[in-house]
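Q: After the structure tokens below, expect a handful of questions from me.
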């Protein structure tokens, strides 16, 4: 990879694929706030329930990359989707002009070993790569310790702490069903609520007040479960971190809560109802991928394969 290349950062989830595109040279000269409206990154989400989504992604990348060489960096928790996307990428390149073809070496499937973050869990190779990339991206932008919440099909609530050398460490977290999964569970598991859940848009929520009909009650219950779970876990992580801080420095008990970094497709839905201070950052996984690309170019400015 060289500074003249374009990076396609791909976040393959269970319900959608997020794609972010940027030139390496622009990333190197930009600040960490790649998600700003006037930043160097273009991004688009492609739902997996749409027809020909793989071809749509290829066309979108080609449209915005032009004649630039594209390097595809892929984070996936859904191999059933990432495999046909890889086939589509290589297939498009076979029919493209020689000057713009994508070789096999331009497809980078990221693993935990690619993330420059200490991982303190039982089996690092089994942790979702999206969780690690989000934690890494958050740790480069915000003060650590912190909590990273990715609100997608599942909601992950992870904790990043500091080791004895003040380096960020991913120490794991929790996984709970997301808004749409909880709606689906009510619809399929409770006969009396099947009709009530028909036509509900889980993203459209009401205020935290007693509901006056079944549909509102379902929305309120699901929202409260997710928001309450996130806030309770963040509180418990903070208490554990306070305990560790007090053990090493008994006079320092100032840390009462950890900052929360919120991302994912349902982040905008949850954000208004989270009472804990938090920062919403779109496409955090893709930002982590861009961070890796920048680091690689800085290590080897002339290019590194």
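The values are calculated or read from the model by the stated rules, or taken from the named source; none is laboratory data. None of these values were measured; they are calculated from a predicted model. Glycine gets a Cβ as well: all are built from the backbone with ideal geometry, and neighbour counts include every protein chain shown.
Residues are listed down the side, and each one gets a yes or a no for (1) crowded, with 20+ Cβ neighbours inside 10 Å; (2) under 21 Å from residue 76 (Cα atoms); (3) more than 17 Å from the chain's Cα centre (by Cα):
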{"site": "123", "(1), (2), (3)": "no, yes, yes"}
{"site": "127", "(1), (2), (3)": "yes, yes, no"}
{"site": "130", "(1), (2), (3)": "yes, yes, no"}
{"site": "133", "(1), (2), (3)": "yes, yes, no"}
{"site": "138", "(1), (2), (3)": "yes, yes, no"}
{"site": "142", "(1), (2), (3)": "no, no, no"}
{"site": "154", "(1), (2), (3)": "no, yes, no"}
{"site": "168", "(1), (2), (3)": "yes, no, yes"}
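Q: Pull up the range 34-83, narrow it to residues that are part of a loop (DSSP other than H, G, I, E, B) and more than 20 Å from residue 264 (Cα to Cα), then point me to the one that is nearest to the chain's Cα centre (by Cα).
A: To start, the set of residues in the range 34-83 that are part of a loop (DSSP other than H, G, I, E, B) comprises 34-41, 48-52, 66-69, 77-78.
Checking which are more than 20 Å from residue 264 (Cα to Cα) leaves us with 38, 40, 51-52, 66-69.
Details: 38: 21, 40: 19, 51: 24, 52: 23, 66: 27, 67: 29, 68: 26, 69: 25 Å.
So, considering only residues that are part of a loop (DSSP other than H, G, I, E, B) and more than 20 Å from residue 264 (Cα to Cα), the one nearest to the chain's Cα centre (by Cα) is 40.
Q: So, one more: Of the residues 48, 90, only one is surrounded by fewer than 19 Cβ atoms within 10 Å (Cβ to Cβ), more than 15 Å from residue 7 (Cβ to Cβ) and at pLDDT 95 or above; which?
A: Numbers: 90 fails: at pLDDT 95 or above.
Of the residues listed, the single one that is surrounded by fewer than 19 Cβ atoms within 10 Å (Cβ to Cβ), more than 15 Å from residue 7 (Cβ to Cβ) and at pLDDT 95 or above is 48.
Q: Now a separate question. Out of everything in the range 93-105 that is in contact with a helix residue (DSSP H, G or I) (Cβ under 8 Å, 6 or more places away or on another chain) and either in a helix (DSSP H, G or I) or on the phi > 0 side of the Ramachandran plot (or both), what residue ends up being modelled with the lowest pLDDT?
A: Once the filter is applied, the top-ranked residue is 100.
Q: Within the bounds of the range 148-158, is there any residue that is outside any strand (DSSP E or B), under 22 Å from residue 273 (Cβ atoms) and at pLDDT below 95? Steps first, please.
A: Quick first cut of the range 148-158, residues outside any strand (DSSP E or B) only: 152-153.
Cutting the leftovers down to under 22 Å from residue 273 (Cβ atoms) gives us 152-153.
Filter once more, keeping what is at pLDDT below 95: 152-153.
Yes, some residue in the range 148-158 is outside any strand (DSSP E or B), under 22 Å from residue 273 (Cβ atoms) and at pLDDT below 95.
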